Structure formats: structure tokens, C-alpha cells
1. In this structure, is E189 at pLDDT 95 or above, exposed (fewer than 14 other Cβ atoms within 10 Å of the Cβ) and at negative phi?
2. Does D378 qualify as being of a type in the set (D, E), modelled with pLDDT under 90 and open to solvent by less than 40 Å² (accessible area, probe 1.4 Å)?
3. Give the range 1-30 a look and list any residue that's farther than 21 Å from A353 by Cβ, modelled with pLDDT under 90, surrounded by fewer than 21 Cβ atoms within 10 Å (Cβ to Cβ) and of a type outside the set (A, V, I, L, M), or say none.
4. Out of the residues in the range 141-164 meeting the condition of being modelled with pLDDT under 95 and within 28 Å of the chain's Cα centre (by Cα), tell me which one is nearest to I188 (Cα to Cα).
5. Looking at A62, is it more than 20 Å from the chain's Cα centre (by Cα) and among the small types (G, A, S)?
6. Inside the range 121-169, counting only strands (runs of 3 or more DSSP E) that do not spill past its ends, which hold 2 or more residues that are closer than 27 Å to P305 by Cβ?
7. So the check is Cβ under 6 Å with 6+ separation or different chains; which pairs have a first residue in the range 510-533 that's farther than 15 Å from P324 by Cβ and a second one that's open to solvent by 50 Å² or more (accessible area, probe 1.4 Å) and part of a helix (DSSP H, G or I)?
8. Among P316, P324, P329, which is under 30 Å from L513 (Cβ atoms) and under 17 Å from the mean Cα position of the chain (by Cα)?
Amino acid sequence: MTSPIPFPSDRVVDVVIVGAGVCGLALARQLNARGLQVQVIEARERLGGRVLTQLCPATGQALDLGPRWFWPDTEPRITTLLTELGLASTPQHDPGDALWLTDPNREPERRSEPGGVHAGARCIEGGSARLIDALAAQLPAGCIRTGVAVQALRDKGAWIELSLSTGRPLRARQVVLALPPRLVHEKIEFAPPLPAAIDAALAQTATWMAAQARSVTTFAQPFWREAGQSGNAFVRHAQAVLAEVFDSSQADEGGALGGFVALNVEQRESFQRGLPLLIDSQLAQLFGAKAQDGHMSLQDWANEPWTCSAIDRASPPELPVNQPLLRQPLWTGRIFLGGTETAAHGAGHMEGALEAADRIAHAICRPRSAAASVPAPDDAPDSRQTALGQFAAAVLALRGTAPERYRQHLTQLLSNQQTELLTQRALLATADQVYSESLARLDGLLPALDVTHAEVVNGRHALSPALLAAFDGWNKGLLDAALSFNSSSCALSNFAQDHHPDADTLRAITLDLAAAWREFALELNTRLLSASGHAELV
């Protein structure tokens, strides 16, 4: 799939995708299946971006040093994609006690964690890189070029010119930047420049995992399980080397303990030579002498120039913030920003990368003339009414599951040791998930809705109001259900702003939900317009 051959300088491809991570490859797969000519440009010499799986030389185990988990209950896209690709998954091992170490001079405390720490997470068998390999295998030969960085985009009218680190410039009708936003801000020049608000949003959006380091230590057997331990450990004192530890074993391949390094970038550089010994000592303090006999692999993402920006290196780790500006097409629909940080749902996860790919795939549409020539079928009115009813029924079902999904998102936040804006973040995650699945349901109904033969007035498709009517009262009902749960939740009793939110908190939540609704309504209308041929391919 990769090709070192320079592209002909006079060729104009339909779409160039910059970045061969989950988003870039998933999008390339969709566009290639749609018949578009696609080229993927990757600055690294390997595919996957932050997805990195290495084999332990001692035990042969597949070690995930980047993304490892997905959550089927709240992340439908990756769950569906793994099924399509025939990739199996296994549950993250959670049974047993977790260890808490709050004093470096004392033994760790064992705590029971009912339901597990990782809230139903699963892992791809053989490592997350199997997803990357499966996506790349479905692309034609020569579609991907590695070891080449994009340095500048220039508007040439009929096409966009991409200046590359090696070789002659490349021409494309549309460009997708499937990169962390801060890397777009720091490494790519635009002529003409991007709007100031977009440029600021790029700089302000933190890159997930960018300044973090991750270790995995392998053993012949997962000996901690025999002691009734889950492999989960949390170290909460000033001398911590690993902040969190988890069972990273692959099924029937021995044992492994993964961990997130607690030291910041500067500390890791100072202790670089001694860091393996420090990690080894902390594992022994947690799990006993047997933990000193392992083989350690370490990945410091701060040393990856195509993951970690200068801003990320100088900042403490942050969660990506939902930024609708980054989901807007640029240069009159010819440039799109992708990557997991741009997602409305699942930002920072593989699910977010897939949502971004799906959003962009729908925005890159066919010319109007191709759709306008299709005659209306004889049964269009009956088919349309049936499809509208099916969409309303699907939304009703999603609305019914929303309170439980809110609780799942809340549990996931708490299990990840998040303590701020719990209600707000869990509600937005729930709303974004429902919107995401509603759009997926809409996509399947578009042929039956016969969107081509419906009126469009001032940019609004005639079917938009009928489809959106299924959400009447949705925001208020979701908020009421969440507040009712919060008031009776023991888990939230120590979080006053979530247990009983004040007026200012409720106002902020209401405004955020309203903004998410507006973005969804616009996206739904855009997909109707695209399918009907009113949004043209430039």
C-alpha cells in the first residue's frame, strides 16, 4: 500500500489525506470505495499515527504503546468497524482488587473495585495495530506514501497545491488534514492564511497523549491474578514514577503490566537512563519481587515530532475540548480538519478518529448534476413516509437509552479519575453519541427518503423539520433525567456541583447542550443537501 514513487506533478487527484492514522486510513477506505482517487501522505515511515503495537522480543507478546481500549456501550463506530473487518476483541482484565499507594514508605492498600476500573473496555486481539493493517490492506497499491511531510497548502484556484518535504508539489481538488490540530497550526503554512479564529482554535486544542509516556513490562505469567489482584494500581504520592498501572496481557501469551509515567517531560529527560530501573522498582513495590523479572518497553510520545507539538511539550496533559470550529470546512469546502481531537463524540479515542472520518466522508460529495438527473420513483411519497417513521422510531429508541448512557459516561469519567465538570461532560458525551448514531441511521434511510425530489429553500432542505421533530423536548428530558440520577447517586455525593448543580452550572450545561443541538441540526441538513446534489464538489 505504501509507495516511494514521486507523484506526477501535473496530476490532480480528487482527495489528498494528510496523516495515516485511524482517521486518515478509515476515510481513505470510504472514499476509495466511493470511487474517488485518493492519496494518503504520512510523515512517519510507518502507518498508524498514535496507534503503535510492538512485539516483546522476550515473550512475543503484542504490546500496545498507544491506544488500547474501546468501549462498545458508548463507542458504536469502532465496534461496527471491527466486525466488518473480522477483527476479534477481548475484555480488558479487571477482576480482582486494585492497589492504591499514597505513601512511598508504606505497603499499597488493596481496594475492591466492583464492576472493574475500566468500565467495560475491550481490546483488539493481537494489538490495536491490527486495525491499521486491516484498513491499509483495503486500499489500492500506491495509495499511501510514507516518509513525506506536507509543509504548505496554496490555493491555485482549480486545485490546491501541496508543498512536500521531498519531491515535487502535489495537486488535489480537496485536502483532509487528519492530524492533531496543534501540528496543523505549527507545521503547515496556508496561502491564503486560515481565519484567525480557526488558527487560534487549532493552537488551543490539546493533543491527546502527546506529552505522555507509556510503559509495558512483560512476564511469563500474569502472577498478580493468582494473588487476587486485577493488575490495576494507582500511585498518588509526590515520588510516583507510574501514576497508573493496568493489566496489559494478551490472551494466552503470558502476562504484562502497562503503565502511564507520572514524570513530566523535563523529569523524564533528566532520569532518562535510570527510568527503566525506577519503573522496575515501583512495580516491585506494588506487586512484589516477581515484578522485577520482567522485560520493559517504553514509548515517550513527547519525543514524537508528528504527535507532540511544541505547545503540548510545554503544557500539562489535557483532555481535548469539543471545538465546533474545527469541524467547519475551509477554503469553500476544499479543506477539512480531521483527527480524533476534532470529533464531537469520542475525542481522544479511536472512536473519535472514526467519527471525524465519517463526518468528512459525508462532506466530500458528488456534483449536483449527477443527482438532479435521477427521476422520482413512483412510490416515492409512500417510501418517504415509511422512512420518516423509521427514523422517528430509531430516535425514540435512542432517547430511551440516553439516561443509561449518561450513567455509563459518568462511570467512565470517574473510573479515569476525572473530577471536574462531570455532569456537563457526561451529558455532552451522551448527546453527541445519540446525534452520531442518528446521523448513521439517517445515512441508511437516504435512498428511501428520496431527498433529491424535495424542495430546498434558502439552504434548508424540506425534510429537515420533519426529521428534527423527533427530538422535540430532547434536551430538557435528558437534563432532567441526569439531575434526577445525580441527586440519588452515592458516587456523586462528594461532588457538590454535580450532586446538586447551582443555577450557573445549569445555565452552562443548557447552553452547551443547545450548541451541540445546533451543530447536529446543521449537519443533518447538510447531509440532506449533499445527498440531493445541492452541495457541489468544488
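The values are calculated or read from the model by the stated rules, or taken from the named source; none is laboratory data. Treat the numbers as computed from the prediction; the structure is a model and nothing was measured. Because the Cβ atoms are built from the backbone with ideal geometry, glycine has one as well, and the counts that use them run over all protein chains shown. Side chains are part of the model used for accessible areas, which takes the heavy atoms of the whole protein and leaves out ligands, DNA and RNA. Shrake-Rupley method; radii C 1.70, N 1.55, O 1.52, S 1.80 Å.
1. Numbers: at pLDDT 95 or above: yes; exposed (fewer than 14 other Cβ atoms within 10 Å of the Cβ): yes; at negative phi: yes.
So E189 fits the description; yes.
2. Numbers: of a type in the set (D, E): yes; modelled with pLDDT under 90: yes; open to solvent by less than 40 Å² (accessible area, probe 1.4 Å): no.
No.
3. Keep residues of the range 1-30 that are farther than 21 Å from A353 by Cβ, which gives 3-14.
Still in the list and also modelled with pLDDT under 90: 3-11.
Within this subset, residues satisfying the condition of being surrounded by fewer than 21 Cβ atoms within 10 Å (Cβ to Cβ) are 3-6, 8-11.
Scanning the range 1-30 gives S3, P4, P6, P8, S9, D10, R11.
4. Going through the qualifying residues, I end up with G142.
5. On the way: more than 20 Å from the chain's Cα centre (by Cα): yes; among the small types (G, A, S): yes.
Spelling it out, A62 is indeed more than 20 Å from the chain's Cα centre (by Cα) and among the small types (G, A, S).
6. Details: elements: 122-124, 144-146, 150-155, 160-164.
Answer list for the range 121-169: 144-146, 150-155, 160-164.
7. Note: pairs meeting the criteria are G533/R368; G533/A372.
8. Numbers: P316 fails: under 17 Å from the mean Cα position of the chain (by Cα); P329 fails: under 17 Å from the mean Cα position of the chain (by Cα).
Selected residue: P324, the only one of P316, P324, P329 that is under 30 Å from L513 (Cβ atoms) and under 17 Å from the mean Cα position of the chain (by Cα).
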